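A.B. asks: Take this structure first; my questions come after.
The values are calculated or read from the model by the stated rules, or taken from the named source; none is laboratory data. Keep in mind the model is a prediction, meaning the values are calculated, not measured. Neighbour counts run over all protein chains shown; Cβ positions are idealised from the backbone, glycine included. Just the protein is used for accessible areas: all its heavy atoms, side chains included, with ligands, DNA and RNA removed. Shrake-Rupley method; radii C 1.70, N 1.55, O 1.52, S 1.80 Å.
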Amino acid sequence: MSNGRKNAAERAFQDKFVTKLQQYKWKAPDFLNGNKQKVTVQDLVNFWRKELNRMNADVLESVPLTDNEFAQVMAKVSQIENSYEAAKLLAMEQSTGKIDGIYRDSHPDVTREQITLTIFKKAQVRGGDSSYNIAREVETPNGNRFDIVLLINGLPLINIEQKRTDKSLEEAFNQFKRYYADGEYVNNFMAFSQMMVMTSEVATRYFATPKSIQAFNPSFVFHWADKYNQSINHWEDVVGYFLMIPMAHQMVGDYLVIDEAREEENRKHMLLRPYQVHALQAIEGAALGWDNDDKIPRGGFVWHTTGSGKTITSFKTALFLSTRAGFDNVVFLVDRKELDSRTSDNFKAYAQYESVTVDDTAHTYQLRRLLSSASAGIVVTTTFKLNNLVKDLVEAKDENLANKKIVFIIDEAHRTTMGDMMVTIKNYFRKNGLFYGFTGTPLFDENKIKGMVNEKSELIDTTEKLFGPLLHQYTIDEAIADKNVLGFHVDYINTGEFESYDTLREQIVDYRLAEQPDMPKRKLERQVYELSELEVEKEAKKRKLMFYHDETHIPRVVEEILNNWEYQSQRKFFNAILTVAFKHRVIAYYEEFKKQLAKRDDIAINVAMTFSFGTDADKEPTDQN
């Protein structure tokens, strides 16, 4: 988007970009090409009018909208305050955008006095009534010029701002913001915009069209990536993976979330990030049997780091499976009552404009009624309640629910799913149930947890054994690199488990020499001394050269914290949390803090200890604190 005409190089890039889009089901009619003739926002409105007539031929009884009737439509469009309000309009009535209350003029072939017009069908991707067109160099009433507008059913849902490679995408972001300030996306046809894309030949970013100029936030600007979380930046790949049909349609349809939060200032529409999209697609493929040669539905787990938006990902997953896959119910399981309520509130806020209901349960009998009903929806409950229901059903020899096709989505799948309850639940629903775990910290063999034995006498002690294979992962290092979560600053401090790193290196060399006697010692030494201190510690632990001792480690950690408190807390501006495993260790740390503080007069801080509770069934704090 710009004020002036493009130079030859910019025009050539745009031509190549549009040609590439045409390879992926986009059409580029000459009458929408501002490089060949003047194209204005009003021209887009006129084209949309033709699309409305096409899509609503039956409702219109083959009598196109008159000027008076279309003026009624545009009067309603002018009331759309922003992209968020437009998103709600596009999603109403079973995810089919509608404009209602249009009164028809007299005509011998018209029998309906009042009609409702369909403007967008989220589910009709690549077919049905959906059309895909490209408008270029579109001039606005304010004298601005949009580079590329992607029209779905004539609606300007995607705006693309192109920059030369010697220009930053930040400039494009500020340009979008500047034109927003000019009123380009408020109370007019362009308010339908749902996604803004900034691209050059070597970099691309996207974000949901903000609902106000104050809502422009660089933290919510994302790059696209493949399913392995590798960034996709080159413009040809961006078109081929991100702006192609059906993906572009899905981004402003399936992969858009409307958050109808209680607080008005928090209400907004959001676009999924690439790793969320790939996780959703992976679960859908597993649930429908698309991801294996035998076409057999199977469970699995998603490893997405804490803080990466698992709640939204799991909601969209639940929504997809509850509305499109022919399952009787989708159950979202949480492990604590307070999470039950919080998750239910979040899901209800997200589902306000979706074709699905979200129900929560205060009692087991309510859960049984919901799962027995014929209406598909999303049920939010706790593992404890479901376990109680299953025990009642088993005792009564009632197999009715066991025969239903139910999908279970388990939040925080690492925490309480290795106990009796999950094994009992899985055993009852083993015939048709599918289980998908979401976790930021999956359990592997090296975690060495106790686990449980299932009905086949198999030891279930890892996340994969419980749910099935890893379907998608997005780890903490990837999230930090993408700036989707806050980064960490890590200090490595010897707290007495070993004499020095040089000593450890010497011991590791000796071990390797014993294992590889034919290898020259000098070469082994060179390899070991190239290891980082963290890598040295990892190998030393593996070879049992280091041992953790509470009596030496805890005092050293407390001393380090107290010695650096003034600096680390930024002169007592921040508080801190120390998390450790096992209750006895919490108490030991607390007592050590009190002991060392009593001997010092140069520091005064308050220290408190807390214990985490597990599931609803747990009466005592867990051993993980």
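A.B. asks: Could you give the length gained by full extension between Val607 and Arg430, i.e. 0.36 nm per residue of separation minus their alpha carbon distance, to one decimal place?
C.D. replies: 58.9 nm
A.B. asks: Then there is this: Can you compute the charge dipole magnitude of the chain about its Cα centre, using +1 on each Lys and Arg Cβ and -1 on each Asp and Glu Cβ, nothing else charged? Give it in debye, rounded to the nearest 20.
C.D. replies: 880 debye
A.B. asks: Right, here's the next one. Could you work out the per residue convex hull volume over the alpha carbons of segment 101-210, in cubic angstrom?
C.D. replies: Taking only Cα atoms, segment 101-210 has a hull volume of 152 Å³ per residue.
A.B. asks: Also, I was wondering about something else. Under 20 Å from the Cα of Lys25, which lysines turn up, not counting those fewer than eight places away in the same chain?
C.D. replies: Lys16, Lys50, Lys121, Lys122
A.B. asks: Now a separate question. Starting from 0.36 nm per residue, how many nanometres of slack lie between Asp420 and Phe220 once their C-alpha separation is accounted for?
C.D. replies: My answer for the length gained is 67.9 nm.
A.B. asks: Still on this structure, I have one more. Can you figure out the FRET efficiency of Ser212 with Ser532, using R₀ = 45 Å and their beta-carbon distance, to the nearest 0.05?
C.D. replies: Working from the Cβ atoms, E equals 0.45.
A.B. asks: As a test of reading the structure, rank Arg49, Arg136, Arg262 by solvent-accessible area (1.4 Å probe, protein chains only), most first.
C.D. replies: Numbers: Arg49 60, Arg136 20, Arg262 190 Å².
So, going from the largest accessible area down, we get Arg262, Arg49, Arg136.
A.B. asks: Calculate how steeply helix 67-77 sits against the longest principal axis of the alpha-carbon atoms of the chain, using the helix alpha-carbon long axis, and give the answer as 0 to 90 degrees to the nearest 10.
C.D. replies: Around 20 degrees separate the two axes.
A.B. asks: Moving on to the next point. For Asp491 and Gln352, what is the calculated FRET efficiency with R₀ set at 51 Å and r taken between the beta-carbons, to the nearest 0.05? Write out the running numbers ahead of the final one.
C.D. replies: Values: r = 46 Å, r/R0 = 0.90.
Approximately 0.65, to the nearest 0.05.
A.B. asks: Tell me, what is the 1.4 Å probe accessible area of Met519, in Å² to the nearest 10?
C.D. replies: Result for Met519: roughly 50 Å² accessible.
A.B. asks: What's the center-to-center distance, using Cα atoms, between segment 113-173 and segment 1-66 in Å?
C.D. replies: 8 Å
A.B. asks: Also, I was wondering about something else. With every protein chain kept in the model, how would you rank His249, His278 by accessible area, 1.4 Å probe, largest at the top? Mind dumping the intermediate values first?
C.D. replies: Details: His249 0, His278 25 Å².
Putting His249, His278 in descending order of accessible area: His278, His249.
A.B. asks: Something else about it: Given the rule -39500 (n - 2.57) for each run of at least 4 DSSP H residues, summed and divided by the residues of the chain, what is its mean residue ellipticity at 222 nm, to the nearest 500 deg cm²/dmol?
C.D. replies: Theoretical 222 nm ellipticity from helices: -11000 deg cm²/dmol.
A.B. asks: Here is a follow-up. For the residue pair Glu170 and Arg5, what label-to-label distance in nm results when each label sits 7 Å from Cα along the Cα-to-beta-carbon direction?
C.D. replies: 3.2 nm
A.B. asks: Follow-up. Once amide H atoms are placed 1.01 Å from N in the peptide plane, what residues at a sequence separation of 5 or more from Asn56, or on another chain, have their amide H within under 5 Å of its amide H?
C.D. replies: Residues meeting the criterion, in which the H sits 1.01 Å from N, do not exist here.
A.B. asks: With the Cα gyration tensor of the chain in hand, give its eigenvalues times 5 under a square root as the equivalent ellipsoid semi-axes, listed largest first in whole angstrom. Write down the numbers at each step before the final one.
C.D. replies: Working: eigenvalues 526, 226, 115 Å².
The answer is 51, 34, 24 Å, longest axis first.
A.B. asks: As I understand it, the value is the acute angle between the Cα axis of helix 550-563 and the longest principal axis of the Cα atoms of the chain; what does it come to in degrees, rounded to 10?
C.D. replies: Here the helix axis deviates by roughly 60 degrees.
A.B. asks: For His234, His304, His584, give the ranking by accessible area with the largest first, probe 1.4 Å.
C.D. replies: These residues rank, largest area first, as His584, His234, His304.
A.B. asks: Working from Cα positions, state the angle (0 to 90°, nearest 10) between the long axis of helix 583-598 and the longest principal axis of the chain.
C.D. replies: With rounding to tens, the tilt is 80 degrees.
A.B. asks: When only Cα pairs under 8 Å and 6 or more residues apart are kept, what is the percent relative contact order across the chain?
C.D. replies: Over the chain, the number comes to 10 percent.
A.B. asks: Go through segment 138-150 residue by residue and turn each phi into a ³J(HN,Hα) via Karplus (6.51, -1.76, 1.60, θ = phi - 60°); whole Hz please, and just put x for glycine and proline.
C.D. replies: Taking θ as phi minus 60°, the curve returns 8, 8, 9, x, 8, x, 8, 9, 7, 5, 9, 10, 8 Hz for segment 138-150.
A.B. asks: What is the distance, in nm, between label points placed 7 Å from the Cα along the Cα-to-Cβ direction at His234 and at Val59?
C.D. replies: The two pseudo-label positions are separated by 4.4 nm.
A.B. asks: Which percent of the accessible heavy-atom area of the chain goes to carbon and sulfur, probe 1.4 angstrom?
C.D. replies: In the chain, the share of accessible area belonging to carbon and sulfur is 48 percent.
A.B. asks: With +1 assigned to the C-beta of every Lys and Arg and -1 to the C-beta of every Asp and Glu, and no other charges, what is the dipole magnitude of segment 231-277 about the Cα centre in debye, to the nearest 20? Mind showing how you got there, number by number?
C.D. replies: Numbers: 4 positive and 8 negative charges, 13 e Å.
The dipole magnitude comes to about 60 debye.
A.B. asks: Would you mind working out the accessible area per residue for the chain, using a 1.4 Å probe, and quoting it in Å²?
C.D. replies: Values: 30900 Å² over 625 residues.
Averaged over the residues of the chain, the accessible area is 49 Å².
A.B. asks: Assuming R0 = 41 Å, can you tell me the calculated FRET efficiency for the pair Ser375 and Val110, based on Cβ-Cβ distance, to the nearest 0.05?
C.D. replies: The calculated FRET efficiency here is 0.65.
A.B. asks: Taking H placed 1.01 Å from N in the peptide plane, check which residues at least 5 places from Leu470 or on another chain put their amide H under 5 Å from its amide H.
C.D. replies: Phe301
A.B. asks: Of Asn7, Leu545, Asn266, whose Cα points farthest to the positive end of the dipole of the chain (charges on the beta-carbon: +1 Lys, Arg; -1 Asp, Glu; origin at the Cα centre)?
C.D. replies: Highest projection toward the positive end goes to Asn7.
A.B. asks: Put +1 on the Cβ of each Lys and Arg and -1 on the Cβ of each Asp and Glu in segment 466-583; which of Gly468, Gln568, Gln527 then has its Cα farthest toward the positive end of the dipole?
C.D. replies: Among Gly468, Gln568, Gln527, the one farthest towards the positive end of the dipole of segment 466-583 is Gly468.
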